[in-house]
1. What do you get for Rg/Rh over the range 2-137 if you use C-alpha atoms and the Kirkwood form of Rh?
2. Inverting the mean 1/r over all pairs of different Cα atoms, compute the Kirkwood radius of the range 57-119 and quote it in Å.
3. On the Cα set of the range 5-84, report Rg and Dmax in Å, please.
4. Among 133, 118, which comes first, second and so on when ranked by fewest other beta-carbon atoms within 10 Å?
5. With a Förster radius of 22 Å, plug the Cβ-Cβ distance of residue 119 and residue 72 into 1/(1 + (r/R0)^6) and report the FRET value to the nearest 0.05.
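What follows is calculated from the coordinates using simple rules that are stated; it is not laboratory data. The structure presented is a predicted model; accordingly, all values stated were derived computationally and were not measured. Using ideal geometry, Cβ is built from the backbone for each residue, glycine included, and neighbour counts are taken over all protein chains shown.
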């Protein structure tokens, strides 16, 4: 099911991207307005391809969100370089074109920028694609009941005993209670036998002391 969903969204995304590129070819590139319209449509085609993978479950299910680290670290440098070259390729020698080409000559990159002017549509498509990569999904929502069950399972685990001097793990032996009485508690008959034995020992000591006193008097 996952593969079928992703394949379907990829096909739809490719169809929409192709439609946008075809519309861009129908716009004149001789003036600044048409130039930027074509750039926007081609960049939108790249964005559609990235979003088709996102909506098709490319990462994980959930609501799309904008990832700020990916946007700042990944997209902004690509956008700056691509926009620099796109501005340098403006028709009719506009204000941006003249200034960007002058700044490019100051940093001795005129040859590189001039070569890349022939691939401005590729840079526009790539910029839209990278911007689409800045989006991610939050993942499926987990119900509070499931989280509570997992917590109960973690709490119900028996605690591990501490390791002894030679690395042996000592386990605490639980005290079993029967009818509210601990298993190691002495029975009533045992306690009575212990009490009787103590009383007899005291009687013997008393008799011995009395016999000694009688002998001394005699």
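1. Rg/Rh: 1.05.
2. 13.8 Å
3. Answer for the range 5-84, Rg first and Dmax second: 14.9, 44 Å.
4. Ranked by crowding around the Cβ, least crowded first: 118, 133.
5. The pair residue 119/residue 72 has a calculated efficiency of 0.30.
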